[in-house]
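**Student:** Here it is, the structure, as structure tokens.
The values are calculated or read from the model by the stated rules, or taken from the named source; none is laboratory data. This structure is a prediction, so every number in the text was calculated from the model and none was measured. All Cβ positions, even for glycine, are placed from backbone atoms using ideal geometry, and neighbour counts span all protein chains on display. The area values use the complete protein model at the heavy-atom level, side chains included, leaving out ligands, DNA and RNA. Shrake-Rupley method; radii C 1.70, N 1.55, O 1.52, S 1.80 Å.
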Amino acid sequence: MDHLIFEVGLALVLIAAAGLLSAKLRFSVVPFYILIGMAVGPHAMQIWHLDFRFIESQPFIDFMGRIGILFLLFYLGLEFSVGRLVKSGRSIVVGGSIYIGINFTLGLVFGFASGFPAAEALIIAGITTISSSAIVAKVLVDLKRTANPETEMILGIIMFEDVFLAVYISILSGLVLSDSSSIGGVIMSALIALGFMLIVIILGRKATPLLNKLLKIRSNELFSLVVFGALFLVAGFSETIHVAEAIGALLVGLVLAETEHAKRIEHLILPFRDFFGAIFFFSFGLSIDPLSLGGEAVWLALIAVVITLFGNFLAGMLAGRSAGLSPKASANIGLTIVSRGEFSIIMANMGKAGGLLPLLQPFAALYVLILAILGPLLTKESKHVFRILDKIFKFKDPRKKKEEPKVLQKEG
């Protein structure tokens, strides 16, 4: 641990250099953080005292990256609110079911069509179904789209994905790791995940007056300790009951967004969100070995990317339509949540732990890398992407149909 501080300092300098380069090129910063992480790491070289392998500091960098996910989702929750989420509850369930149904089916078909055995095909379906909540949160905040009408559906789908993930990991771990799965255990896992979210949301709304009183703290130091303590405690507890810690952080943000202290919390959290968020994407890059990205994995990843782009756009259009959103807003849903990341890597690691085909690891790494780079770009340019597709497919706005009878009556 003699060189821990030096290695962390070196990592921060590399992250800052990547950020400056992205600003110079006016491109999303997320791919640059990931690529700079890939360029170094355990496979990199050592030049004098400059050890780019980050062997001693990688566990600590990974931990700071986990904190980055918490702050990203917590801030996103602050920009939203429980009230808005509750009002759009039904449309979120419908939209989330559409999204999961389309992407999981396409992923499963792709796995079997590629000649994989059943267990590997199920892992591939999991890899291609779940989007990266961290990248989605980062992009929404950077592009200042948290107030957009489609953001409700995007956040809802992220939470719906977590319930699905809790169920799916329970089933898959039983099949892959122990060759058995308890139906009762799977149902219980799903109910616990869903129940935890509902309890936090309901109690959070009821407790808003109490929270307003408790957070009337003049000292910024004590105020920070109370807010951060609540964030880490709820996020950590959610992980113990198999709900992603990031979702726990999102729930805390949603609850505190209802209080009169939301703006003060937002101002407090901003520098932490940016600092630790950048470290998360760098640490994500460290986990990808570029030397393993080749051969059959390249073609499989490219085909999977094309299928995911199609599935996401279709799911976004249908989910948005079910919620009465415009075609443009619906397109934004599919293009925003196309990024894949931490959850896909978790699925691939499960396959490795279960002794499945080693091809899953490089396939997942390359697939995630492509969509982690492509996702923010498509989100940023969603207006132009929609304009091009609209010229081809001539999307119809369902809201205009409701207005037509009124126009006819006036003309009559």
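**Student:** All but one of (1) within 23 Å of residue 117 (Cα to Cα); (2) open to solvent by less than 10 Å² (accessible area, probe 1.4 Å) hold for residue 336, so report the exception by its number.
**Tutor:** The number of the failed condition is (1).
**Student:** Quickly run through the range 339-355 and pick out the residues that are surrounded by fewer than 18 Cβ atoms within 10 Å (Cβ to Cβ) and under 16 Å from the mean Cα position of the chain (by Cα).
**Tutor:** 346
**Student:** Quick test for you: out of 355, 341, 351, 324, pick the one residue that is on the phi > 0 side of the Ramachandran plot and touching a residue at least 60 places away in the same chain (Cβ under 8 Å).
**Tutor:** Only one candidate passes the filter, namely 324.
**Student:** Please work out which residue is modelled with the highest pLDDT, limiting yourself to the range 68-94 and to residues that are farther than 30 Å from residue 267 by Cβ and open to solvent by 70 Å² or more (accessible area, probe 1.4 Å).
**Tutor:** 93
**Student:** Working carefully through the options 139, 167, find the one that is surrounded by fewer than 22 Cβ atoms within 10 Å (Cβ to Cβ), outside any loop (DSSP other than H, G, I, E, B) and at negative phi.
**Tutor:** Result: 167 is the single residue among 139, 167 that is surrounded by fewer than 22 Cβ atoms within 10 Å (Cβ to Cβ), outside any loop (DSSP other than H, G, I, E, B) and at negative phi.
**Student:** Does residue 330 count as of a type in the set (S, T, N, Q) and either within 15 Å of the chain's Cα centre (by Cα) or not in a helix (DSSP H, G or I) (or both)?
**Tutor:** Here the answer is no, as residue 330 does not meet what is asked.
**Student:** Another question about this same structure. Could you tell me whether any residue of the range 269-276 is basic (Lys, Arg), outside any helix (DSSP H, G or I), crowded, with 21+ Cβ neighbours inside 10 Å and in contact (Cβ under 8 Å) with a residue 40 or more places away in the chain?
**Tutor:** No, the range 269-276 contains no residue that is basic (Lys, Arg), outside any helix (DSSP H, G or I), crowded, with 21+ Cβ neighbours inside 10 Å and in contact (Cβ under 8 Å) with a residue 40 or more places away in the chain.
**Student:** Something else: May I ask you to list the residues in the range 356-412 that are aliphatic (A, V, I, L, M), exposed (fewer than 10 other Cβ atoms within 10 Å of the Cβ) and at pLDDT below 65?
**Tutor:** Of everything in the range 356-412, just one residue is aliphatic (A, V, I, L, M), exposed (fewer than 10 other Cβ atoms within 10 Å of the Cβ) and at pLDDT below 65, namely 408.
**Student:** A further question on this structure: Return yes or no: is residue 65 at pLDDT 85 or above and either more than 21 Å from residue 273 (Cβ to Cβ) or not hydroxyl-bearing (Ser, Thr, Tyr) (or both)?
**Tutor:** For residue 65, the condition - at pLDDT 85 or above and either more than 21 Å from residue 273 (Cβ to Cβ) or not hydroxyl-bearing (Ser, Thr, Tyr) (or both) - is met.
**Student:** Part of a helix (DSSP H, G or I), exposed (fewer than 15 other Cβ atoms within 10 Å of the Cβ), at pLDDT 80 or above and among the small types (Gly, Ala, Ser): which single residue out of 23, 18 fits that description?
**Tutor:** 23
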